[in-house]
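Visitor: Shown below is the structure under consideration.
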Amino acid sequence: MATPQEGILAYTQPSSSAMPSAYYPEAYPYAAEKESGSGGLMVATGILLLLFIIWFVYYMSPARVLTRRLIRAGWVLYTRPGCPYCVRQENVLRGKFWKRISCRGGKAESGYTSHPPLKCNDPSITGFPYWYNHLSPAKSSAGLKNWQQLQKMAGH
């Protein structure tokens with residue numbers, strides 16, 4: 001069996017120029033700063049700041065704030081699939097209103113369907129979109145509402 005030639009398959013000692021900075025700290029004065037871990041703190045701070053900005057933009061958007069105010073004021077939105085005014089109403093709220101009941105054939109099809117304040121076949125629903133206030137039913141009304149009307153409904 002042939003023996004390997006020296007230097008080809010055998011381990012060789014690296015030269016001093018290939019040694020890491022830990023062996024020659026005077027040659028690499030900034031290497032100790034990188035190894036101390038302060039860069040990790042900066043990265044963590046940057047990630048937390050980015051997450052805060054995303055949270056703030058997502059949760060504090062005007063449509064989301066208005067949605068929360070409408071829900072606190074007792075409003076529930078009834079819509080019907082294929083209704084162009086219902087689509088426009090959802091676009092005004094930018095799809096953020098989650099207390100919405102989609103009615104098809106007199107039955108709740110999707111959305112906020114657990115114990116809805118009104119059944120979809122209730123005679124008081126005179127058209128779609130229909131805004132029902134379960135805290136003050138006399139305020140309920142049918143029809144498309146613009147941004148200013150929704151703010152007034154929310155108490156602003």
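Visitor: Name every residue in the stretch 104-137 that is closer than 19 Å to E90 by Cα and touching a residue at least 60 places away in the same chain (Cβ under 8 Å), in order of residue number.
Guide: Answer for the stretch 104-137, where residues must be closer than 19 Å to E90 by Cα and touching a residue at least 60 places away in the same chain (Cβ under 8 Å): just N133.
Visitor: While we're looking at this one, here's another question. From the list R94, R100, R80, which residue is in contact (Cβ under 8 Å) with a residue 40 or more places away in the chain and of a type in the set (D, E, K, R)? Walk me through it before giving the result.
Guide: Working: R94 fails: in contact (Cβ under 8 Å) with a residue 40 or more places away in the chain; R100 fails: in contact (Cβ under 8 Å) with a residue 40 or more places away in the chain.
Criteria check complete, one pass: R80.
Visitor: Can you tell me how many residues in the stretch 32-80 are hydroxyl-bearing (S, T, Y), modelled with pLDDT of 85 or more and touching a helix residue (DSSP H, G or I) at 6+ places or on another chain (Cβ under 8 Å)?
Guide: Restricting attention to the stretch 32-80, the residues satisfying the condition of being hydroxyl-bearing (S, T, Y) are 36, 38, 45, 58-59, 61, 67, 78-79.
Those left that are additionally modelled with pLDDT of 85 or more: 45, 67, 78-79.
Filter again for touching a helix residue (DSSP H, G or I) at 6+ places or on another chain (Cβ under 8 Å), leaving 79.
The qualifying residues number 1.
Visitor: Shifting gears a bit: Consider the stretch 138-156. How many of its residues are without any contact (Cβ under 8 Å) to a residue 12 or more places away in the chain and either within 12 Å of V76 (Cα to Cα) or touching a helix residue (DSSP H, G or I) at 6+ places or on another chain (Cβ under 7 Å) (or both)?
Guide: Taking the stretch 138-156 as the starting set, the residues that turn out to be without any contact (Cβ under 8 Å) to a residue 12 or more places away in the chain are 138, 141, 148-149, 152.
Still in the list and also either within 12 Å of V76 (Cα to Cα) or touching a helix residue (DSSP H, G or I) at 6+ places or on another chain (Cβ under 7 Å) (or both): 141.
The qualifying residues number 1.
Visitor: For the stretch 123-149, name all the residues that are under 27 Å from the mean Cα position of the chain (by Cα), surrounded by fewer than 13 Cβ atoms within 10 Å (Cβ to Cβ) and not in a helix (DSSP H, G or I).
Guide: N146
Visitor: Using the structure shown, decide if C83 is modelled with pLDDT of 90 or more and surrounded by 18 or more Cβ atoms within 10 Å (Cβ to Cβ). Spell out how you get there, then give the answer.
Guide: Working: modelled with pLDDT of 90 or more: yes; surrounded by 18 or more Cβ atoms within 10 Å (Cβ to Cβ): no.
The answer is no for C83.
The values are calculated or read from the model by the stated rules, or taken from the named source; none is laboratory data. If you're wondering where the values come from, they're calculated on a predicted model, not measured in any experiment. Ideal geometry is used to build each Cβ from the backbone, glycine not excepted, and the neighbour counts take in all protein chains shown.
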